[in-house]
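K.L.:
Before anything else, here's the structure in question.
The values are calculated or read from the model by the stated rules, or taken from the named source; none is laboratory data. The structure displayed is predicted, hence computed values, not measured ones. Every residue, glycine among them, receives a Cβ derived from its backbone with ideal geometry; neighbour counts consider all protein chains shown. These accessible areas exclude ligands, DNA and RNA; they are computed on the full protein's heavy atoms, side chains included. Shrake-Rupley method; radii C 1.70, N 1.55, O 1.52, S 1.80 Å.
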Amino acid sequence: MTILDRLKNKDQFRGARYELFATATCIRAGFDIAFENERDGTKKHPEFIATHKNTKQQISVEAKTKKKSKTLNGTCKIINGALAKENGHPFVAFMDLNLPDQIAEKEFNAPVPNKITNIVDGITSSKNGNDRFNMIIFTNQPHNFYTEDHFAPTRTLCVISDKAERVTANTDIFWSLRSAALQTNIPNEFPDKN
């Protein structure tokens with residue numbers, strides 16, 4: 001089923017729309033996109049491989065959206081399932097929490113650590129105890145809770161691992177991706193990691 005077919009299918013629309021959001025975010029952050037063959041049932045694979053235009057660093061990207069809910073229950077399970085699709089590249093997961101805006105506002109604005117950042121603690125580590133992800137971009141795009149004349153903002157929280165299994169030579173790509181996900185200007189300089 002093509003992305004256009006999925007967008008036309010009521011049951012597939014939300015997931016397809018979110019995959020397009022993840023793709024557009026990566027493009028804004030300076031990546032070229034190579035979609036994986038969805039028909040290849042011989043292995044699990046992410047949505048796409050993104051290659052940064054300047055550094056040539058490749059990352060695996062998976063986009064997931066939680067079913068409409070008023071809680072964060074099941075989020076760790078969804079992310080762990082996405083991480084099963086890793087393929088040797090640094091891994092970035094986009095995770096839409098699909099909460100009503102009143103609940104999302106409270107969760108996204110809570111001091112860190114909060115319920116959202118605590119989700120990371122429930123994600124299965126690699127055999128040597130490192131994170132299987134390099135970055136998780138949590139979003140809440142509550143459009144399906146409201147009518148066309150009610151605006152609810154997209155909320156975003158990015159978690160960049162400091163103990164990732166797959167280390168990259170240049171972590172600036174994650175700061176670029178964070179900026180694109182937050183829909184802000186991509187910075188010219190990045191903080192030094194000591």
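K.L.:
Which FRET efficiency value, to the nearest 0.05, do you get for THR55 and LEU20 by plugging their Cβ-Cβ distance into 1/(1 + (r/R0)^6) with R0 = 22 Å?
P.N.:
0.35
K.L.:
A further question on this structure: Would you please state which residues of the stretch 122-144 a label at ALA110 would reach in this model, taking the label point 7 Å out along Cα→Cβ and a backbone N cut-off of under 16 Å?
P.N.:
Counting backbone N atoms under 16 Å from the label point, the list is 122-123, 138-140.
K.L.:
Oh, and also: If R₀ is 30 angstrom, what is the calculated FRET efficiency for the pair PHE13 and SER125, using the beta carbon separation as r and rounding to 0.05?
P.N.:
Details: r = 34 Å, r/R0 = 1.13.
Taking R0 as 30 Å, the efficiency between PHE13 and SER125 is 0.35.
K.L.:
In deg cm²/dmol, rounded to 500, what helix-only [θ] at 222 nm does the chain give when every DSSP H run of at least 4 residues adds -39500 (n - 2.57) and the total is split over its residues?
P.N.:
-8500 deg cm²/dmol
K.L.:
Per residue, how large is the accessible surface of the chain? Use a 1.4 angstrom probe and give square angstrom. Don't skip to the answer; put the middle values down first.
P.N.:
On the way: 10910 Å² over 194 residues.
Here the residues of the chain average 56 Å² of exposed surface.
K.L.:
Something else: Which of the lysines could a cross-linker span from LYS43 if the Cα-Cα distance has to be under 26 Å and same-chain partners fewer than 8 positions apart are dropped?
P.N.:
Of all the lysines, those that pass the test against LYS43 - Cα under 26 Å, at least 8 places apart if same chain - are LYS56, LYS64, LYS66, LYS67, LYS77, LYS85, LYS127.
K.L.:
Same structure, new question: At a 1.4 Å probe, what is the % contribution of carbon and sulfur to the accessible area of the stretch 5-55?
P.N.:
C and S atoms contribute 49 percent here.
K.L.:
Further question: Taking loop as defined by DSSP and a crowding limit of 14 other beta carbons within 10 Å, which trypsin sites (Lys or Arg not before Pro) in the stretch 77-182 fit?
P.N.:
Answer in residue order: LYS127, LYS163.
K.L.:
If you don't mind, another one. Compare the peptides 135-144, 38-47 by average per-residue count of other Cβ atoms within 10 angstrom and give them in order, highest first.
P.N.:
Numbers: 135-144: 22.1, 38-47: 12.3.
So the peptides 135-144, 38-47, ranked by packing, come out 135-144, 38-47.
K.L.:
A follow-up question, please. Size of the dipole of the stretch 1-83 about the Cα centre, Lys and Arg at +1 and Asp and Glu at -1 on the beta carbon, nothing else charged, in debye to 20? Walk me through the numbers on the way to the answer.
P.N.:
On the way: 17 positive and 9 negative charges, 97 e Å.
Using Cβ point charges on Lys, Arg, Asp and Glu, the stretch 1-83 gives about 460 debye.
K.L.:
Report the one residue of ASN98, LEU83, VAL159 whose Cα lies farthest in the direction of the positive end of the charge dipole of the stretch 79-194 (charges on C-beta: Lys and Arg +1, Asp and Glu -1; origin at the Cα centre).
P.N.:
In the stretch 79-194, that residue is LEU83.
K.L.:
Taking the Cα centre of the chain as origin and charging only Cβ (+1 Lys, Arg; -1 Asp, Glu), how large is the dipole, in debye to the nearest 20? Walk me through the intermediate numbers first.
P.N.:
On the way: 27 positive and 23 negative charges, 100 e Å.
In total the dipole reaches around 480 debye.
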